[in-house]
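The values are calculated or read from the model by the stated rules, or taken from the named source; none is laboratory data. Keep in mind that what you see is a predicted model, and the values were worked out from it rather than measured. Here the Cβ is made from the backbone with ideal geometry for all residues, glycine too, and neighbour counts use every protein chain on show. Calculation scope for accessible area: heavy atoms of the full protein, side chains included, ligands and nucleic acids excluded. Shrake-Rupley method; radii C 1.70, N 1.55, O 1.52, S 1.80 Å.
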Amino acid sequence: MPALAEQESNVGPAAATASIVVAIPALNEADSIGDVIAGIPRDIASRIIVADGGSTDATVARARSAGAHVIEAGKGYGRACWRATAAAPDAEIMVFMDGDGADDPTSLTALIAPIRSGEYDFVIGSRARGKREPGSIAWHQLAAGAIAGWAMRVLYGVRYTDMCAFRAIRRQALLDLGMREMTYGWNIEMQMRAAQAGLRILEIPVPYHCRTGGTSKVAGSLRGSLRAGLRILATFCRVAARPTAGRRTAARSHEGADAR
């Protein structure tokens, strides 16, 4: 799968009326997808795209009934994110979140405000720093986020504490990153390439809830955890080996207890 590309690059300040598109990769999330979509503030999100990975339940029907635009994404978490981005040429800011009900849509304003203000290009939620419902996240997921964050700080001087799916980024900045990972390595590739490119990065704490339906494809089984972990590790090694001479500026990262 080739990297996303467009003819022009413009990573300037996003206007207050910037088009916000929320992308939700989904696979057999029928029990939760309707409520997730209903919880997204429509005065903020101009469009909601559910990128379906081949669900065999009522995910597609319920997503459409809730008002989302549904696309067939094929297999792969990263591929779903890629195709949702490609399906939103009108978007100035892309927001990514999961469809299992664990991400808190009320945090959407906090994610996009620093981008709209022109201060940042990429804002990522941190479950590690936010309030977590008991049982919402496994210890090894938190550990993996901490280890990956430490490694990226060593490489780029950027401080991450999580690889949370809930994030917002200027669409053109995302296109310019040259994303290629079509599976579970998508999130860490985005974080690493954003740091390599010198994007203005902000991590904010976000609440995290227990999923409201279905079974986690990553943490729900030993096999799923191992497969995702190996893919993330392989992605980290591949992206870390990329030459750094093409960076626009030194990577910059800022922590914030709240979005400004």
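Here is a list of conditions, (1) in contact with a Lys or Arg (Cβ under 7 Å, 6 or more places away or on another chain); (2) under 21 Å from residue 131 (Cβ atoms), and residue 184 meets all of them except one; can you say which number that is?
(2)
Kindly check whether there is at least one residue in region 109-120 that is part of a loop (DSSP other than H, G, I, E, B) and in contact with a strand residue (DSSP E or B) (Cβ under 9 Å, 6 or more places away or on another chain).
Within region 109-120, one or more residues are part of a loop (DSSP other than H, G, I, E, B) and in contact with a strand residue (DSSP E or B) (Cβ under 9 Å, 6 or more places away or on another chain).
Mind listing whichever residues of region 45-79 are part of a helix (DSSP H, G or I), open to solvent by 30 Å² or more (accessible area, probe 1.4 Å) and within 22 Å of residue 169 (Cβ to Cβ)?
77, 79
What is the number of the single condition among (1) more than 15 Å from residue 165 (Cα to Cα); (2) at pLDDT 95 or above; (3) not hydrophobic (A, V, I, L, M, F, W, C) that residue 42 does not meet?
Only one criterion is unmet by residue 42, namely (2).
Of all residues in region 82-107, how many are modelled with pLDDT of 95 or more, open to solvent by 20 Å² or more (accessible area, probe 1.4 Å) and assigned to a helix (DSSP H, G or I)?
Residues in region 82-107 being modelled with pLDDT of 95 or more, open to solvent by 20 Å² or more (accessible area, probe 1.4 Å) and assigned to a helix (DSSP H, G or I): 3 in total.
Give the residues of region 152-170 that are of a type in the set (Phe, Trp, Tyr) and either surrounded by fewer than 24 Cβ atoms within 10 Å (Cβ to Cβ) or in a helix (DSSP H, G or I) (or both), sorted by residue number.
If the condition is that a residue be of a type in the set (Phe, Trp, Tyr) and either surrounded by fewer than 24 Cβ atoms within 10 Å (Cβ to Cβ) or in a helix (DSSP H, G or I) (or both), then 156 is the only one that fits.
Can you tell me how many residues within region 171-193 are assigned to a helix (DSSP H, G or I), touching a Gly at 6+ places or on another chain (Cβ under 8 Å) and surrounded by fewer than 24 Cβ atoms within 10 Å (Cβ to Cβ)?
Qualifying residue count, region 171-193: 2.
Pairs only if they're at least six apart or on different chains, beta carbon under 9 angstrom, first in region 223-234 and over 16 Å from residue 151 (Cβ atoms) and modelled with pLDDT under 80, second assigned to a helix (DSSP H, G or I) and open to solvent by less than 50 Å² (accessible area, probe 1.4 Å); list them, first residue then second.
Listed by first residue and then by second, the contacts come to 225/141; 228/77.
Return the pairs, sorted by first residue and then second, in which the second residue is assigned to a helix (DSSP H, G or I) and surrounded by fewer than 17 Cβ atoms within 10 Å (Cβ to Cβ), the first residue lies in region 60-81 and is touching a residue at least 24 places away in the same chain (Cβ under 8 Å), the beta carbons are less than 7 Å apart, and the residues are 6+ apart or on different chains.
Hits for this filter: 66/38.
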